[in-house]
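The values are calculated or read from the model by the stated rules, or taken from the named source; none is laboratory data. Because the structure is predicted, anything quoted here is derived from the model rather than measured. Here the Cβ positions follow ideal geometry from the backbone for every residue, glycine too, while neighbour counts run over all protein chains shown. Side chains included, ligands, DNA and RNA excluded: accessible areas come from the protein's heavy atoms. Shrake-Rupley method; radii C 1.70, N 1.55, O 1.52, S 1.80 Å.
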Amino acid sequence: MVMKSITSYRPMSLDEVISRLSKEDCFIIAGGTDAMVQRKSPRGAAANFDKPIVFIDHLQELKQMYTIDQNLHIGACCTYKEMSEHPLIPRIVKKAIKEIAAPAIRNRGTIGGNICNASPAGDTLPLLYIYNAKIRLRSAKGERIVEIRDFIQGPRKVFRLQDELVTEIILPVIPENRIHFVFEKVANRRADAIAKLSFAACMRHDEGKILDVRFAFGAVGPTVLRSTEIEHKLTGQAFPLHDKLRNEIVADFETILKPIDDQRSTAKYRKTVALRLLRHFLESTI
Ligand SMILES: Cc1cc2nc3c(=O)[nH]c(=O)nc-3n(C[C@H](O)[C@H](O)[C@H](O)COP(=O)(O)OP(=O)(O)OC[C@H]3O[C@@H](n4cnc5c(N)ncnc54)[C@H](O)[C@@H]3O)c2cc1C
């Protein structure tokens, strides 16, 4: 077998990565846990990359976590393990991380990789939508910040130019007191399994009125599904919810959830369970 050679770069700084991307179309590798599976070759052959590789996972500049002005900044190359051990990461995000893969993948896999891979089943995504996360990108021409709902455009499709690198994920902080968060992942097993579907939600209420409510569904459409229109119907309404309004919200989502049949589940199962999780959340009186 003739071995194909692959050019690879391991730049020593973020500036060097940006400069490399401005000169050459490269394939970015962070943890490699999606890339190496998608580009795998028959045993013994080099992975199937048709362009040079640039490794970024070792860069400390992409591994910082800090808050400024009520925004939590998470470096694109923070691994799940690093995030799960960091005091600034919200508890609900840590809960979602705990349900990702197994320790070996959580040691390598990064939040930036989960976003850029843009799988509808990516486990960090529903919560990132709930948080209205923003994606910071950098190229030699400068920086831009994009809302996650505009960045992820479909399965494996993101709004990233060839010379851009995702450097940070920015989460506007949601105070954890007096807000009820849920994240539910439904999969074949409790560990090391990709989601059949997932559901994230949060609700803040005070003196019997709903002040803020957000819902996001994973793996029931080409991207995570969130509807601010439906959420606005609930804002200002009495809490706990009346049956009529609860049924109306479930019916609204029933019309817009568009799951598919695939090797992991059926469209029918996904829709039924997603709507049950929603109803259960709406029935909660916490
Ligand atoms: C056995 C196994 C189990 C898994 N289980 C789960 C699971 O339970 N839940 C789940 O959500 N995922 C799971 N995954 C998928 C994967 O681990 C995650 O999506 C992970 O977050 C990918 O991160 P990474 O750093 O390894 O990405 P990589 O594989 O390095 O990159 C993924 C994609 O993102 C691009 N990319 C990465 N970083 C950047 C950046 N900073 N800027 C621009 N582009 C970038 C790459 O070019 C590539 O296209 C699993 C994978 C395996 C192999």
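Taking segment 102-112 as the search range and keeping residues that are among the small types (G, A, S) and not in a loop (DSSP other than H, G, I, E, B), which one is nearest to the ligand (Cβ to nearest atom)? Give the derivation first.
Going through segment 102-112, the residues among the small types (G, A, S) turn out to be 102, 104, 109, 112.
Checking which are not in a loop (DSSP other than H, G, I, E, B) leaves us with 104, 112.
Values: A104: 8, G112: 4 Å.
Here the residue is G112.
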Out of (1) over 14 Å from the mean Cα position of the chain (by Cα); (2) within 12 Å of the ligand (Cβ to nearest atom), what's the single condition that is false for K141? (2)
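Residue by residue through segment 93-104, note down the ones that are surrounded by fewer than 16 Cβ atoms within 10 Å (Cβ to Cβ) and over 24 Å from M203 (Cα atoms). First the steps, then the outcome.
As a first pass, look at segment 93-104 and keep what is surrounded by fewer than 16 Cβ atoms within 10 Å (Cβ to Cβ): 94, 98, 102-104.
If the condition is that a residue be surrounded by fewer than 16 Cβ atoms within 10 Å (Cβ to Cβ) and over 24 Å from M203 (Cα atoms), then A102, P103, A104 are the ones that fit.
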Looking at segment 255-278 only, could you name the residues that are under 23 Å from H180 (Cβ atoms) and open to solvent by 80 Å² or more (accessible area, probe 1.4 Å)? R276
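Whether any residue in segment 242-257 is assigned to a loop (DSSP other than H, G, I, E, B), touching a strand residue (DSSP E or B) at 6+ places or on another chain (Cβ under 7 Å) and not hydrophobic (A, V, I, L, M, F, W, C) is what I want to check. Walk me through it before giving the result.
Looking only at segment 242-257, we keep the residues that are assigned to a loop (DSSP other than H, G, I, E, B), and these are 242, 257.
This time we only want the ones that are touching a strand residue (DSSP E or B) at 6+ places or on another chain (Cβ under 7 Å), so: 257.
With the extra rule that they be not hydrophobic (A, V, I, L, M, F, W, C), the set shrinks to none.
Checked against the condition, which is being assigned to a loop (DSSP other than H, G, I, E, B), touching a strand residue (DSSP E or B) at 6+ places or on another chain (Cβ under 7 Å) and not hydrophobic (A, V, I, L, M, F, W, C), segment 242-257 yields no hits at all.
L277: among the aliphatic types (A, V, I, L, M), in a strand (DSSP E or B) and out of contact with any helix residue (DSSP H, G or I) (no Cβ under 8 Å at 6 or more places or on another chain), yes or no?
Numbers: among the aliphatic types (A, V, I, L, M): yes; in a strand (DSSP E or B): no; out of contact with any helix residue (DSSP H, G or I) (no Cβ under 8 Å at 6 or more places or on another chain): yes.
It is false that L277 is among the aliphatic types (A, V, I, L, M), in a strand (DSSP E or B) and out of contact with any helix residue (DSSP H, G or I) (no Cβ under 8 Å at 6 or more places or on another chain).
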Right, G112: within 12 Å of the chain's Cα centre (by Cα), among the small types (G, A, S) and more than 19 Å from C202 (Cα to Cα) or not? yes
Scan segment 18-38 and tell me whether some residue there is in contact (Cβ under 8 Å) with a residue 24 or more places away in the chain, more than 22 Å from Q162 (Cβ to Cβ), surrounded by 14 or more Cβ atoms within 10 Å (Cβ to Cβ) and under 18 Å from the mean Cα position of the chain (by Cα). yes
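I'd like the full set of residues that are part of a helix (DSSP H, G or I), open to solvent by less than 10 Å² (accessible area, probe 1.4 Å) and within 8 Å of the ligand (Cβ to nearest atom), limited to segment 113-132.
Here is the first cut: in segment 113-132, the residues part of a helix (DSSP H, G or I) are 113-117, 125-130.
Next, from what is left, pick out any that are open to solvent by less than 10 Å² (accessible area, probe 1.4 Å): 115, 125-128, 130.
If the condition is that a residue be part of a helix (DSSP H, G or I), open to solvent by less than 10 Å² (accessible area, probe 1.4 Å) and within 8 Å of the ligand (Cβ to nearest atom), then I115, L125 are the ones that fit.
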Taking segment 146-160 and the residues there that are more than 10 Å from the ligand (Cβ to nearest atom) and closer than 18 Å to L21 by Cβ, the one that is surrounded by the most Cβ atoms within 10 Å (Cβ to Cβ) would be F151
Residue that is surrounded by the fewest Cβ atoms within 10 Å (Cβ to Cβ), among those in segment 55-92 that are among the aliphatic types (A, V, I, L, M) and in contact (Cβ under 8 Å) with a residue 40 or more places away in the chain: I92
Subset of segment 169-186, residues open to solvent by 20 Å² or more (accessible area, probe 1.4 Å), in contact (Cβ under 8 Å) with a residue 24 or more places away in the chain and in contact with a strand residue (DSSP E or B) (Cβ under 9 Å, 6 or more places away or on another chain), comes to P172, V173, R178, I179, H180, F181, V182, E184, K185, V186
Considering segment 12-48, residues that are modelled with pLDDT under 95 and closer than 16 Å to C116 by Cβ, and then whichever is nearest to the ligand (Cβ to nearest atom), we arrive at V37
